[in-house]
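*Asks:* Sharing a structure here in structure tokens format.
The values are calculated or read from the model by the stated rules, or taken from the named source; none is laboratory data. Model, not experiment: these values are computed from the prediction. Reconstructed Cβ throughout: ideal geometry from the backbone, glycine too, with neighbour counts over all protein chains shown.
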Amino acid sequence: MGDSLRDALPPVYGPIVPAFFDKPKLEETRATCDQCAMCDHGQSALVPMEYFRADTKCCTYFPQLPNYLVGAILSDASPEMEEGKRRLRRIIASRIGVTPHGVGPPRKTVLIIRSYAEAFGRTEKLRCPYFNLEDPKASCTIWRHRESVCLTYYCKYSAGQRGFEVWRALKEYLSLVQVALAGYSAEVVGPKRPRPGRPPRESVVEPVYGPHLNAEDIDDLPPKESEYARWWGAWVGHEEEFYIACYEWVRSIKREDFAKNVGEKIASTLDVLKTKYEILEKNLLPERLVRNGRMREEHVGDKVVVTTYHRYDSFALDKDLYDVVGELRASETLQENLTRLANAGIELQSELIDYLVMAGILVEPNASTTKPLDTADASAIESRRASLEAVMRARSIPIDDATKQKIDDAEPSTLDALITRAATASSSAEVFG
């Protein structure tokens with residue numbers, strides 16, 4: 001495998017994504033699948049840890065595979081894909097979560113995932129169906145063709161918050177690509193699908209999503225014959241062939257056609273990704289920095305353990321340093337703050353500033369990062385924010401920087417109402433009013 005972002009993607013994307021993807025890929029060394037950083041290996045910790053199960057790791061998630069990636073898996077003749085194909089064929093045969101747009105989780109699983117933040121990584125019942133526990137490395141059986149969430153998820157990041165934001169932006173971009181290509185290929189291969197001309201808003205498995213469960217969902221049964229036939233038409237019984245045809249169609253796309261029919265419609269999402277990558281690449285600092293007022297904090301002796309941008313990535317600060325960065329004022333530029341502190345005999349080296357920004361401890365001042373958060377409620381609030389994002393993604397509602405800011409700024413008292421509203425929404429505007 002090469003060293004570019006393009007090389008890090010599933011092979012089907014290589015010929016069609018834009019030149020930006022020739023940038024170097026991000027190397028993540030703090031979180032690896034073979035030696036899961038969230039499992040208990042006897043490592044020391046300043047505060048009590050709730051480790052992931054070794055027999056699940058972070059794979060308590062059911063991927064939403066778009067039709068063409070399903071076809072890519074079924075078409076892959078390499079020996080290492082045989083186990084993944086076997087598992088995928090078993091799911092297709094079950095008809096649960098199987099639609100012309102892709103293969104995804106049962107609706108009951110979707111509803112659980114919307115509110116299971118505290119159980120993530122710790123529940124055998126939600127272990128990914130493609131996770132091979134019998135493999136000595138406990139590995140993914142469809143790794144080469146994994147979808148956007150699995151491709152971009154890490155629990156810890158070598159570049160800290162900046163790396164996290166690049167991966168999050170890449171996930172949003174690829175999620176929109178998945179929805180668009182799944183819709184277009186389903187229309188081409190099978191008639192009466194969403195018309196080409198704009199990326200369809202529906203999820204890759206939209207027919208099995210919704211705010212309510214029916215009897216089949218609750219009893220883990222396939223959909224009614226009439227419902228399944230409505231989705232598939234003449235392709236009932238030939239689902240594998242359909243998925244392979246979708247894959248072959250996506251493989252035939254020229255880069256200029258992808259740019260015109262998909263790229264132009266999600267250009268703003270790519271722009272966000274480019275901006276986040278540039279900030280990381282050039283180590284850009286905001287003009288003003290303050291201590292993050294929304295950190296989860298645990299004071300342990302002369303240390304303060306803080307959690308900032310990601311619930312599983314914590315950092316330990318000396319209490320003295322924690323107090324010093326609290327002296328930074330939003331009303332002053334970074335240089336003005338550093339000069340004032342230097343005059344008081346306190347020197348903050350540039351390398352330390354970079355580290356504190358990387359860790360999300362120093363952030364650009366705004367309403368959400370300067371407003372104090374009740375530490376006792378932080379975990380529950382974070383869980384509800386994560387649930388809101390999960391519901392919006394399940395509804396294929398793009399989460400750009402502006403939307404993410406709205407989620408971060410939402411009052412804790414309104415989060416449950418926003419989650420309920422998002423369950424039937426089709427746009428960010430419908431969620432936030």
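*Asks:* Which condition from (1) modelled with pLDDT of 95 or more; (2) in the same structural domain as A37 (by TED's automatic domain parsing) is the one that L334 breaks?
*Replies:* (2)
*Asks:* Going through segment 1-34 one residue at a time, which ones are basic (K, R) and without any contact (Cβ under 8 Å) to a residue 24 or more places away in the chain?
*Replies:* R6, K25
So that you can scan it fast, the table gives a plain yes or no per residue for (1) at pLDDT below 95; (2) closer than 18 Å to S396 by Cα:
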| residue | (1), (2) |
| --- | --- |
| T109 | yes, yes |
| G121 | yes, no |
| I142 | no, no |
| P199 | yes, yes |
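*Asks:* On the basis of being out of contact with any Phe, Trp or Tyr (no Cβ under 9 Å at 6 or more places or on another chain) and closer than 20 Å to T141 by Cβ, does A54 make the cut?
*Replies:* Taking the combined requirement at face value, the residue satisfies it.
*Asks:* Ok, one more. Take the residues in segment 373-413 that are at pLDDT 75 or above and of a type in the set (S, T, Y); name whichever of them is surrounded by the fewest Cβ atoms within 10 Å (Cβ to Cβ).
*Replies:* By that ranking, first place goes to T403.
*Asks:* Something else about it: Can you confirm whether K265 is surrounded by fewer than 20 Cβ atoms within 10 Å (Cβ to Cβ) and modelled with pLDDT under 95?
*Replies:* Here the answer is yes, as K265 does meet what is asked.
*Asks:* Ok, one more. Of everything in segment 35-62, what is in contact (Cβ under 8 Å) with a residue 12 or more places away in the chain and hydrophobic (A, V, I, L, M, F, W, C)? Give them in sequence order.
*Replies:* C36, A37, M38, C39, L46, V47, F52, A54, C58, C59, F62 - these are the residues of segment 35-62 that are in contact (Cβ under 8 Å) with a residue 12 or more places away in the chain and hydrophobic (A, V, I, L, M, F, W, C).
*Asks:* Checking the conditions here, which among A72, A37 is at negative phi and either part of a helix (DSSP H, G or I) or touching a helix residue (DSSP H, G or I) at 6+ places or on another chain (Cβ under 8 Å) (or both)?
*Replies:* Result of the check over A72, A37: A72.
So that you can scan it fast, the table gives a plain yes or no per residue for (1) in contact with a strand residue (DSSP E or B) (Cβ under 7 Å, 6 or more places away or on another chain); (2) surrounded by 15 or more Cβ atoms within 10 Å (Cβ to Cβ); (3) more than 30 Å from L46 (Cβ to Cβ); (4) not polar (S, T, N, Q):
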| position | (1), (2), (3), (4) |
| --- | --- |
| L273 | no, yes, yes, yes |
| L285 | no, yes, no, yes |
| M295 | yes, yes, no, yes |
| D302 | yes, no, no, yes |
| T308 | no, yes, no, no |
| Q349 | no, no, no, no |
| L356 | yes, yes, no, yes |
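*Asks:* Shifting gears a bit: Name the residues in segment 80-99 that are aliphatic (A, V, I, L, M) and either within 18 Å of L133 (Cα to Cα) or under 26 Å from the mean Cα position of the chain (by Cα) (or both), would you?
*Replies:* Residues satisfying the conditions are M81, L88, I91, I92, I96, V98.
*Asks:* Mind listing just one residue for me: the one in segment 30-43 that is surrounded by 14 or more Cβ atoms within 10 Å (Cβ to Cβ) and of a type in the set (G, A, S) and, of those, nearest to W249 (Cα to Cα)?
*Replies:* Among residues in segment 30-43 that are surrounded by 14 or more Cβ atoms within 10 Å (Cβ to Cβ) and of a type in the set (G, A, S), the one nearest to W249 (Cα to Cα) is A31.
*Asks:* Please tell me if R168 is among the basic types (K, R) and either within 26 Å of L273 (Cβ to Cβ) or assigned to a strand (DSSP E or B) (or both).
*Replies:* Answer is yes for this residue.
*Asks:* Here's a check for you: in segment 298-334, which residue that is of a type outside the set (V, I, T) and touching a Phe, Trp or Tyr at 6+ places or on another chain (Cβ under 8 Å) is nearest to A344 (Cα to Cα)?
*Replies:* Y309
*Asks:* Right, here's the next one. Consider segment 9-29. How many of its residues are within 29 Å of T123 (Cβ to Cβ), surrounded by 15 or more Cβ atoms within 10 Å (Cβ to Cβ) and out of contact with any Gly (no Cβ under 8 Å at 6 or more places or on another chain)?
*Replies:* Residues flagged as within 29 Å of T123 (Cβ to Cβ), surrounded by 15 or more Cβ atoms within 10 Å (Cβ to Cβ) and out of contact with any Gly (no Cβ under 8 Å at 6 or more places or on another chain) within segment 9-29 amount to 1.
*Asks:* I'd like to check something: does segment 281-300 contain any residue that is in contact with a Cys (Cβ under 6 Å, 6 or more places away or on another chain), in contact (Cβ under 8 Å) with a residue 24 or more places away in the chain and assigned by TED's automatic domain parsing to the domain that holds L348?
*Replies:* no
*Asks:* On to the next question. When you scan segment 277-294, do you find a residue that is more than 30 Å from E118 (Cβ to Cβ), of a type in the set (S, T, Y), touching a helix residue (DSSP H, G or I) at 6+ places or on another chain (Cβ under 6 Å) and part of a helix (DSSP H, G or I), even just one?
*Replies:* Scanning segment 277-294 turns up at least one residue that is more than 30 Å from E118 (Cβ to Cβ), of a type in the set (S, T, Y), touching a helix residue (DSSP H, G or I) at 6+ places or on another chain (Cβ under 6 Å) and part of a helix (DSSP H, G or I).
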